[in-house]
Amino acid sequence: MSPFVWACKNLTPDMQQVARMGQKLSSIEETEMIPPYPPRKLYQPRNGLKPAISHSHKVYASVHVNSDGTIPYTDKNGKLGKDRRLSPFDLLSDDLVVKIFSYLPTDQLCKCACVDRRWYDLSWEPHLWTHIEMSNENLDIDRALRILTWRLSRETPNVCLMLEKIRLSGCEKLTNKGLHVIAKRCPELTTLEVAGCYNITNEALYEVVSRCPNLQHLDITGCPCITCIALTPEATMRACPLHGKQISLQYLDMTDCYGLEDAGLRVIANNCRELTRFYLRRCVRITDVGVQYVANNCSMLKEFSVSDCRRVTDFGIRELAKLGAQLRYLSVVHCDQVTDVGIKTLTKYCNKLRYLNIRGCELVTDTGVEYLARQCNKLRSLDIGKCTLVTDRGLEVLALNCPLLKKLSLKSCERITDRGVQMIAANCTDLQMLNIQDCKISTEAYRFVKRHCKRCIIEHTNPGFC
């Protein structure tokens with residue numbers, strides 16, 4: 001469903017038909033982000049009718065229609081041009097048009113500004129620009145950012161005070177120049193997502209976190225040149241009163257930043273002590289030492305992932321146990337040196353775990369699952385796929401101690417049989433997802449699960465279950 005139709009789903013059928021006109025904008029060729037329209041105070045009809053002013057937006061009291069069905073047209077310079085045919089959109093109030101515009105992504109909103117003078121004025125309503133969202137691998141995003149921030153800072157010279165969120169994931173042409181523009185003109189930024197922008201480096205990121213003291217959410221997934229996050233030397237020396245010498249990040253995703261090492265992770269942990277969610281998936285150079293830095297400095301951490309960081313062992317898991325009941329989410333997928341010993345220590349202190357993913361930790365056995373079940377009885381999601389040493393015994397203890405379980409993956413657990421799956425179904429009746437792909441489960445056990453867990457979606461590879 002297109003953004004326009006979705007935005008207007010609560011309108012009357014007549015208004016929905018009007019709003020669908022916006023779909024035509026998606027076929028417009030790439031144009032300048034800002035048309036060369038001069039600023040003006042108010043859009044007025046040709047017949048001199050005064051617009052009725054609401055508390056927030058302009059709403060026209062009436063529209064003059066000529067006898068031939070045309071309406072007066074004002075060109076981009078504010079001069080009267082050739083009358084044009086009346087369109088249904090002309091009958092909508094400014095408030096309603098702005099509401100429709102609010103559901104459009106940034107690139108389509110910029111295209112709306114190229115339609116005519118009225119749309120230009122409405123497209124630049126300040127509250128439409130609290131966020132910028134673009135994802136185009138071919139777009140000259142550095143130039144687009146420069147033009148957009150220039151236009152948005154016309155009322156507040158040099159800075160965009162209303163802009164809080166910028167999402168540019170997939171804009172592969174983004175470079176340090178674009179980040180410098182963001183750092184310079186967006187001091188109120190709270191969210192920045194630049195996943196897949198592999199040309200950016202530490203230098204520009206330092207400037208962003210130094211000049212945007214309110215930044216709380218940062219996604220730099222797939223940026224291999226990023227190896228550290230810290231304040232610039234100038235910001236450190238100034239000791240900015242807004243955040244001192246600390247970075248206010250609460251969410252940080254560094255998935256696939258494979259240049260990150262323990263030394264860089266130490267700096268990040270020292271500077272970002274307010275982190276609550278931290279993801280290091282496939283940062284393959286990370287070891288137990290780096291995990292130790294995180295556990296010692298980020299005491300507020302609730303979610304942590306070192307999936308596919310194969311150099312993390314039981315020692316690193318033991319360090320994470322220092323986070324105690326604060327830790328609710330942990331993923332150590334394919335950390336194949338993690339054993340029952342690490343699971344025992346973790347669950348002893350982190351007894352409020354809600355999500356645990358140990359898929360591919362082939363040294364974990366029934367003993368580890370039993371420790372987990374008895375200590376973390378409020379567990380909601382567990383993935384023990386490819387833990388080939390886990391048997392029905394472990395599942396029985398899990399079923400008896402974790403009745404609130406909603407998601408369970410047993411993919412490729414070759415020693416699991418009907419008995420274990422039926423125990424889970426009989427005791428965890430709120431189960432919503434069960435993965436039994438590549439398991440030796442019969443049709444009878446499948447039907448047993450469907451009968452006891454009414455809302456459960458079962459993922460399997462047996463065509464006989466359909």
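Below is a table of values for the structure above.
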item: Which numbered condition residue 237 fails, given (1) over 29 Å from residue 364 (Cα atoms); (2) of a type in the set (A, V, I, L, M); (3) in contact with a helix residue (DSSP H, G or I) (Cβ under 9 Å, 6 or more places away or on another chain); (4) surrounded by fewer than 20 Cβ atoms within 10 Å (Cβ to Cβ); result: (3)
item: Counted residues, the stretch 349-374 - those being more than 23 Å from residue 277 (Cα to Cα) and part of a helix (DSSP H, G or I); result: 8
item: The stretch 451-466 - residue that is open to solvent by 100 Å² or more (accessible area, probe 1.4 Å) and in a loop (DSSP other than H, G, I, E, B) and, of those, nearest to residue 414 (Cα to Cα); result: 466
item: Failed criterion for residue 226 (all others in (1) surrounded by fewer than 15 Cβ atoms within 10 Å (Cβ to Cβ); (2) modelled with pLDDT of 95 or more hold); result: (1)
item: Residue in the stretch 405-412 that is under 17 Å from residue 313 (Cα atoms), at pLDDT 95 or above and either crowded, with 21+ Cβ neighbours inside 10 Å or β-branched (Val, Ile, Thr) (or both) present; result: no
item: Residue list for the stretch 283-302, filter: surrounded by fewer than 21 Cβ atoms within 10 Å (Cβ to Cβ) and assigned to a loop (DSSP other than H, G, I, E, B); result: 284, 285, 287, 299, 300, 302
item: Residue among 88, 126 that is surrounded by fewer than 16 Cβ atoms within 10 Å (Cβ to Cβ) and either at pLDDT 80 or above or at positive phi (or both); result: 126
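Rundown of residues vs (1) out of contact with any Asp or Glu (no Cβ under 6 Å at 6 or more places or on another chain); (2) open to solvent by 10 Å² or more (accessible area, probe 1.4 Å); (3) farther than 18 Å from residue 410 by Cβ, yes/no style:
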position: 304; (1), (2), (3): yes, no, yes
position: 327; (1), (2), (3): yes, no, yes
position: 347; (1), (2), (3): yes, no, yes
position: 354; (1), (2), (3): yes, yes, yes
position: 363; (1), (2), (3): yes, yes, no
position: 373; (1), (2), (3): yes, no, no
position: 388; (1), (2), (3): no, yes, no
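The values are calculated or read from the model by the stated rules, or taken from the named source; none is laboratory data. Just so you know, these numbers come straight off a predicted model, no measurement behind them. Virtual Cβ from ideal backbone geometry, glycine too; neighbours counted across all protein chains shown. Note: accessible area is taken over every heavy atom of the protein model, side chains too, but ligands, DNA and RNA are not part of it. Shrake-Rupley method; radii C 1.70, N 1.55, O 1.52, S 1.80 Å.
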